[in-house]
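Written out below as C-alpha coordinates is the structure these notes cover.
The values are calculated or read from the model by the stated rules, or taken from the named source; none is laboratory data. Source: prediction; values computed, not measured. Note: ideal-geometry Cβ built from the backbone for every residue, glycine included; neighbour counts use all protein chains shown. Surface areas here come from the heavy atoms of the whole protein model, side chains and all, with no ligands, DNA or RNA. Shrake-Rupley method; radii C 1.70, N 1.55, O 1.52, S 1.80 Å.
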Amino acid sequence: MIFGHPFLPSQAYVSSHDMIAKSVAIPVGCLMLFFCCRKFAKDFQSPNLSTKTFLVSGFGILVVPLVFGVFARAIVLTAYPLWLAAVAGRDTQLEFSIGDITGSSMRCPYRVDLADMPIMTGTLCDVPEAVRKTLYPGMRVLLTGRGTVNGLFAARINVAPSGQVLPGEDWLR
(Lines give C-alpha, C1' and ligand atoms only; values in the text may rest on other atoms or scores of the structure.)
Protein backbone atom coordinates (compact mmCIF):
# COMPACT_ATOMS: atom_id res chain seq x y z
CA MET A 1 0.00 0.00 0.00
CA ILE A 2 1.27 3.40 -0.99
CA PHE A 3 -0.70 6.60 -0.46
CA GLY A 4 -2.87 4.58 1.94
CA HIS A 5 -4.56 2.59 -0.85
CA PRO A 6 -3.84 -0.84 -2.37
CA PHE A 7 -2.15 -0.95 -5.79
CA LEU A 8 -3.79 -2.89 -8.60
CA PRO A 9 -2.29 -3.36 -12.07
CA SER A 10 -4.97 -3.09 -14.75
CA GLN A 11 -6.41 -6.29 -16.13
CA ALA A 12 -5.42 -5.16 -19.62
CA TYR A 13 -1.79 -4.71 -18.53
CA VAL A 14 -1.73 -8.09 -16.79
CA SER A 15 -3.17 -9.94 -19.77
CA SER A 16 -0.85 -8.23 -22.29
CA HIS A 17 2.31 -8.77 -20.20
CA ASP A 18 1.58 -12.22 -18.75
CA MET A 19 3.70 -14.06 -21.34
CA ILE A 20 6.67 -11.79 -20.55
CA ALA A 21 6.17 -12.39 -16.84
CA LYS A 22 6.08 -16.15 -17.35
CA SER A 23 9.18 -15.91 -19.55
CA VAL A 24 10.99 -14.38 -16.58
CA ALA A 25 9.41 -16.55 -13.87
CA ILE A 26 10.29 -19.89 -15.47
CA PRO A 27 14.05 -19.20 -15.75
CA VAL A 28 14.08 -17.77 -12.21
CA GLY A 29 12.40 -20.92 -10.91
CA CYS A 30 14.82 -23.11 -12.90
CA LEU A 31 17.80 -21.17 -11.56
CA MET A 32 16.57 -21.63 -8.00
CA LEU A 33 16.00 -25.34 -8.71
CA PHE A 34 19.62 -25.59 -9.87
CA PHE A 35 20.93 -23.91 -6.71
CA CYS A 36 18.71 -26.04 -4.44
CA CYS A 37 19.82 -29.26 -6.20
CA ARG A 38 23.44 -28.16 -5.87
CA LYS A 39 22.96 -27.54 -2.16
CA PHE A 40 21.21 -30.88 -1.78
CA ALA A 41 24.08 -32.68 -3.56
CA LYS A 42 26.65 -30.99 -1.29
CA ASP A 43 24.62 -31.92 1.80
CA PHE A 44 24.23 -35.49 0.56
CA GLN A 45 28.02 -35.89 0.16
CA SER A 46 28.61 -34.91 3.77
CA PRO A 47 29.69 -37.89 5.92
CA ASN A 48 27.55 -36.77 8.86
CA LEU A 49 24.27 -36.00 7.09
CA SER A 50 21.44 -35.55 9.57
CA THR A 51 17.86 -36.42 8.80
CA LYS A 52 16.85 -32.81 9.44
CA THR A 53 19.36 -31.48 6.88
CA PHE A 54 18.23 -34.08 4.34
CA LEU A 55 14.55 -33.19 4.81
CA VAL A 56 15.10 -29.43 4.74
CA SER A 57 17.20 -29.65 1.58
CA GLY A 58 14.66 -31.95 -0.06
CA PHE A 59 11.82 -29.65 0.91
CA GLY A 60 13.80 -26.72 -0.50
CA ILE A 61 14.07 -28.45 -3.87
CA LEU A 62 10.29 -28.78 -4.01
CA VAL A 63 9.20 -25.41 -2.65
CA VAL A 64 11.86 -22.72 -3.21
CA PRO A 65 11.82 -22.77 -7.05
CA LEU A 66 8.03 -22.53 -7.11
CA VAL A 67 7.94 -19.65 -4.62
CA PHE A 68 10.66 -17.70 -6.44
CA GLY A 69 8.91 -18.25 -9.79
CA VAL A 70 5.58 -17.00 -8.44
CA PHE A 71 7.20 -13.94 -6.87
CA ALA A 72 9.18 -13.17 -10.05
CA ARG A 73 5.96 -13.23 -12.09
CA ALA A 74 4.18 -10.95 -9.62
CA ILE A 75 7.09 -8.50 -9.58
CA VAL A 76 7.23 -8.33 -13.38
CA LEU A 77 3.49 -7.70 -13.54
CA THR A 78 3.40 -5.01 -10.84
CA ALA A 79 6.74 -3.15 -10.65
CA TYR A 80 6.47 -0.97 -13.76
CA PRO A 81 2.80 0.03 -13.39
CA LEU A 82 3.28 0.67 -9.66
CA TRP A 83 6.18 3.06 -10.15
CA LEU A 84 4.47 4.77 -13.07
CA ALA A 85 1.31 5.28 -11.00
CA ALA A 86 3.32 6.60 -8.05
CA VAL A 87 5.40 9.03 -10.10
CA ALA A 88 3.14 10.12 -12.96
CA GLY A 89 -0.31 9.06 -11.78
CA ARG A 90 -3.45 11.16 -11.98
CA ASP A 91 -7.04 10.56 -11.00
CA THR A 92 -7.89 7.43 -12.94
CA GLN A 93 -10.79 5.04 -13.25
CA LEU A 94 -10.25 1.43 -14.35
CA GLU A 95 -12.70 -1.40 -14.88
CA PHE A 96 -12.21 -4.74 -13.13
CA SER A 97 -14.16 -7.96 -12.83
CA ILE A 98 -15.15 -9.41 -9.45
CA GLY A 99 -13.69 -12.84 -8.74
CA ASP A 100 -14.89 -13.68 -5.23
CA ILE A 101 -16.60 -11.82 -2.40
CA THR A 102 -16.66 -14.57 0.21
CA GLY A 103 -14.25 -14.86 3.04
CA SER A 104 -12.21 -12.54 5.14
CA SER A 105 -9.31 -12.84 7.50
CA MET A 106 -7.76 -10.99 10.39
CA ARG A 107 -5.37 -9.19 8.00
CA CYS A 108 -8.04 -8.53 5.37
CA PRO A 109 -11.56 -8.11 6.72
CA TYR A 110 -14.45 -7.55 4.30
CA ARG A 111 -12.45 -8.91 1.39
CA VAL A 112 -13.22 -8.68 -2.34
CA ASP A 113 -11.04 -10.58 -4.82
CA LEU A 114 -10.75 -9.38 -8.39
CA ALA A 115 -10.68 -11.90 -11.24
CA ASP A 116 -7.62 -12.71 -13.37
CA MET A 117 -5.12 -10.84 -11.22
CA PRO A 118 -1.62 -11.99 -10.22
CA ILE A 119 -0.89 -13.28 -6.74
CA MET A 120 -0.27 -10.55 -4.13
CA THR A 121 -2.52 -8.12 -6.02
CA GLY A 122 -6.17 -8.12 -6.84
CA THR A 123 -7.53 -8.17 -3.29
CA LEU A 124 -9.44 -5.28 -1.80
CA CYS A 125 -9.79 -5.15 1.98
CA ASP A 126 -12.24 -3.27 4.20
CA VAL A 127 -14.89 -2.95 1.48
CA PRO A 128 -18.07 -1.95 3.33
CA GLU A 129 -20.62 -4.72 3.77
CA ALA A 130 -23.27 -2.60 2.06
CA VAL A 131 -21.12 -2.51 -1.10
CA ARG A 132 -20.12 -6.19 -0.84
CA LYS A 133 -23.79 -7.23 -0.75
CA THR A 134 -24.32 -5.67 -4.19
CA LEU A 135 -21.36 -7.53 -5.74
CA TYR A 136 -21.30 -10.97 -7.33
CA PRO A 137 -18.63 -12.97 -9.21
CA GLY A 138 -18.18 -11.81 -12.81
CA MET A 139 -19.67 -8.39 -12.15
CA ARG A 140 -17.80 -5.41 -13.58
CA VAL A 141 -16.82 -2.59 -11.21
CA LEU A 142 -14.99 0.67 -11.64
CA LEU A 143 -12.14 1.45 -9.27
CA THR A 144 -11.06 5.05 -8.92
CA GLY A 145 -7.81 6.40 -7.54
CA ARG A 146 -4.37 7.72 -8.43
CA GLY A 147 -2.77 5.94 -11.35
CA THR A 148 -2.42 5.40 -15.07
CA VAL A 149 -4.03 3.07 -17.62
CA ASN A 150 -1.55 0.41 -16.45
CA GLY A 151 -2.63 0.41 -12.79
CA LEU A 152 -3.86 2.49 -9.90
CA PHE A 153 -3.92 2.94 -6.15
CA ALA A 154 -7.61 2.20 -5.65
CA ALA A 155 -9.48 4.51 -3.31
CA ARG A 156 -13.12 4.11 -4.36
CA ILE A 157 -15.28 1.38 -5.82
CA ASN A 158 -18.15 2.16 -8.15
CA VAL A 159 -20.72 -0.48 -8.97
CA ALA A 160 -22.41 -0.01 -12.32
CA PRO A 161 -25.66 -2.00 -12.50
CA SER A 162 -27.57 -1.55 -15.77
CA GLY A 163 -24.74 0.54 -17.18
CA GLN A 164 -25.34 3.39 -14.74
CA VAL A 165 -22.46 4.41 -12.47
CA LEU A 166 -23.40 4.93 -8.86
CA PRO A 167 -21.57 7.41 -6.63
CA GLY A 168 -18.28 5.99 -5.47
CA GLU A 169 -17.79 4.68 -1.98
CA ASP A 170 -14.53 5.14 -0.12
CA TRP A 171 -13.75 1.90 1.63
CA LEU A 172 -10.40 2.61 3.26
CA ARG A 173 -10.84 4.54 6.45
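How large is ³J(HN,Hα) for each residue in region 5-15, as worked out from phi by the Karplus curve 6.51 cos²θ - 1.76 cosθ + 1.60 (θ = phi - 60°), to whole Hz, x for Gly and Pro?
Values, residue by residue: 10, x, 8, 9, x, 5, 5, 5, 5, 4, 5 Hz.
How long is region 1-43 along each principal axis, judged by its Cα atoms, biggest number first, in Å?
46, 27, 8
Can you give the accessible area of Val24 in Å² (nearest 10), computed on protein heavy atoms with a 1.4 Å probe?
Around 60 Å² of this residue is reachable by solvent.
Please get the size of the charge dipole for the chain, origin at its Cα centre, with Cβ charges of +1 on Lys and Arg and -1 on Asp and Glu, quoted in debye to the nearest 20.
Dipole magnitude for the chain comes out near 520 debye.
Hey, if you put +1 on the Cβ of every Lys and Arg and -1 on every Asp and Glu Cβ in the chain, which of Ala25, Gln11, Thr148 ends up farthest toward the positive end of that dipole?
Projecting each Cα onto the dipole axis, the largest value belongs to Ala25.
Test of understanding: in a Gaussian network model of the chain with alpha carbons linked when under 10 Å, which of Phe68, Phe153, Phe44 would top the mean-square fluctuation ranking?
Phe44
Take the Cα atoms of region 1-99, find their three principal axes, and give me the spread along each one in whole Å, biggest first.
63, 28, 28
Hey, with R₀ at 22 Å, roughly what FRET efficiency would Thr123 and Ser97 work out to, going by the Cβ-Cβ distance, to 0.05?
Efficiency, rounded to the nearest 0.05: 0.95.
Mind listing the long-range amide H neighbours of Met139? Cut-off is under 5 Å, sequence gap 5 or more, other chains count too, H placed in the peptide plane at 1.01 Å from N.
Amide H to amide H, under 5 Å and 5 or more residues apart or across chains, Met139 pairs with Ile98.
Taking R0 as 25 Å, what's the FRET efficiency between Ser104 and Phe59 from their Cβ-Cβ distance, rounded to 0.05?
Here the calculated transfer efficiency is 0.25.
Starting from 0.36 nm per residue, how many nanometres of slack lie between Val67 and Lys39 once their C-alpha separation is accounted for?
So the extension gain works out to 8.4 nm.
Taking the chain as the region of interest, what is the percent of Cα-Cα pairs per 10 angstrom bin, listed from the shortest bin to the one with the maximum distance?
Reading the bins upward from 0: 10, 30, 27, 16, 11, 5, 1, 0.
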